[in-house]
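The structure under discussion appears below in the form of structure tokens.
Since every read-out is calculated from the coordinates, none of them should be taken as a lab result. Nothing here was measured: the structure is a model prediction, and the numbers come from that model. When we count neighbours, we look across all protein chains shown, and the Cβ atoms used for this are built from the backbone with ideal geometry, even at glycine.
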Amino acid sequence: MYCARLANLSKQGALGALATGIAHEVNQPLVAIKNYARAAKRYAEGESPDGSKLVELIAEMEAEANRAGVIIQKIRALLRTGQVHAERCSLSTVVRDVLRELTAKMPADRTRVSMKIEVDVPPVLADPLQLQLVVANLLRNALESVEFAPAGDAKRVTISARATDDGEVELSVADTGAGAPVDAIEELFAPLFSTKASGMGMGLAVSRTIVEAHGGRIWCVPNPSGGATFLFTLPVAGGA
Ligand code: ADP
């Protein structure tokens, strides 16, 4: 399904913001490749390097390079047509796909990620690649936030989706991390705002551009028991 609002917005520069988002996405596999390369170098320089361990590390590098390639291919296709196509998307499928990719490398017992999606949550009208970017940004931030929670504290990320009474679907990502800086809640969504040593500060800015282009809203609330919840809404896809 072709969405005129998205096409119009893309002409006004949303594609530029999206490109920055893609840079952000591609940066992740690049950082991973660098880390694997460092590990391989350290390992090869060790006393009795084992060839199979090196092959394992090189295979990881190859997988990450492929991942970066897929992201670039997707955005090329998007730029070639110059159009953004919105289609009926199931949020639970998008969340599952993103989760699978993000948590594949996580140590199993460190963080508990749970998903609570109402069975009858209706599909939304969205560009699937852009929706994946938003969900990946929120999830990655939540996972990073719990990673730095004090030792002994619960490390939990909960993703929920529900239909609202206003014909929208609301997705929330709640974490038990350190919480967002309360005096800068609006600034979090500004381009280049980051409190992380190696943060680009583009994840939330791009997410806001995408969500608003789809006719939704995105915001953040502190959790009463600590941590933060990021939420966004998208209109329910009409028709049968
Ligand atoms: P980056 O992750 O590169 O810093 P983002 O735009 O994704 O860029 O996030 C901007 C800032 O918002 C982060 O640096 C952090 O201060 C804050 N933030 C985002 N998500 C969370 C979260 N789940 N918990 C606490 N703070 C967060």
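Taking the dipole about the Cα centre of the stretch 118-193, with the C-beta of Lys and Arg at +1 and of Asp and Glu at -1, give me whichever of 154, 124, 185 is farthest to the positive side. So the residue furthest toward the plus end is 154. Taking θ as phi - 60° and the Karplus parameters 6.51, -1.76 and 1.60, the scalar couplings of the stretch 218-234 work out to 9, 7, 9, 10, x, 7, x, 9, x, x, 10, 10, 9, 10, 9, 10, 9 Hz in sequence order, x denoting glycine and proline. Each Lys and Arg contributes +1 and each Asp and Glu -1, all at the Cβ; summed about the Cα centre of the stretch 124-240, the dipole is approximately 280 debye.
The length gained on full extension between residue 35 and residue 153, counted as 0.36 nm times the residue separation minus their Cα-Cα distance, comes to 39.8 nm. Taking amide H as placed 1.01 Å from N in the peptide plane, the amide H of residue 157 sits under 5 Å from that of 112, 113, 114, each at least 5 places away or on another chain.
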